[in-house]
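Undergrad: Sharing a structure below in structure tokens format, with a few things to ask.
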Amino acid sequence: MPTPTEAAITAGESSTSFVTTVVSFFAEGGPFMYIIFFVFLVGIAISLERFIYLNLTQTRNQKIWKKVFPLLSQGKFKAAMEESKKSTSAISKILMYGLSRSAYASRTDEIEMAMEEGLLEAIPSLERRTHYIATFANIATLLGLLGTIMGLINAFTAVASADPAQKADLLSASISVAMNTTAFGLMAAIPLLLTFAYLQSKTNQLVDSMEMASVKFLNVFRQAQQQAKAQQNKSA
């Protein structure tokens, strides 16, 4: 059984070997590897920004909805309006559209249209820059293929003037190096595509939650109208 010192040395050697392999793989791929790496970094930066923004939006929406919905259920529309004004969340803007229109609207259709207008204004900020992630994934894949093709062209050009006895070995070595760009392009594209799918799903969930909030508000408003009419009939 190896001692702790021997195990640490073995782990250090394996980690050093792994780093050396990665550096060698990257260096042998040629200049296209750096371009793919830059595209990957830009895609990751956008992904992180969108992830943070969407999670903050979700948190703010949930926070304001927990405050406003009880007020709406009690028919305190003015108090709900004041709470919505204090928030910068997307759902508060949609509610403000509906609450401001409910002050003088005679039909719920008008309120619904006003809230749809607010929703249409909120959606672009949720979807902004997300589609670039899929675009960068496709670019990384195409750059990998282009790097491989350019590498193969250079390989066949070099082999054409080489010793016939060495052509097979030179060609196989050149092809293995040229394929590095395709492999790296795919390694960059796959995480970006998975991230794009996740962020798109997150965006759809936020849009659905805001649509649900709009429907709940309209139902509460209709109920308040019916109660008001019933009280008027009783008093009459």
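Readers should treat all values here as calculations from the given coordinates under stated rules, not as data from a laboratory. Just so you know, these numbers come straight off a predicted model, no measurement behind them. Positions of Cβ are backbone-derived with ideal geometry, glycine not excepted, and every protein chain shown enters the neighbour counts.
Undergrad: Could you order peptides 131-143, 73-85 by the average number of other Cβ atoms within 10 Å of their residues, highest first?
TA: Taking the mean over residues of other Cβ atoms within 10 Å, the ranking is 131-143, 73-85.
Undergrad: Which links in K63/K85; K85/K202; K93/K202; K66/K86; K66/K202; K63/K86 stretch past 18 Å when you go from one Cα to the other?
TA: K85/K202; K93/K202; K66/K202
Undergrad: Ranked highest first by the average count of other Cβ atoms within 10 Å around their residues, in what order do 55-65, 34-44 fall?
TA: 34-44, 55-65
Undergrad: Which of Y97, Y104 has the fewest other C-beta atoms within 10 Å, and how do the rest follow up to the most?
TA: Ascending Cβ contact count within 10 Å gives the list Y104, Y97.
Undergrad: Find how much the distance from K67 to V215 grows on full extension, using 0.36 nm per residue of separation minus their present alpha carbon separation; answer in nm with one decimal.
TA: 51.6 nm
Undergrad: Could you work out the Kirkwood radius for the stretch 31-226, taking every pair of different alpha carbons, averaging 1/r and inverting it, reported in Å?
TA: It works out to 20.3 Å.
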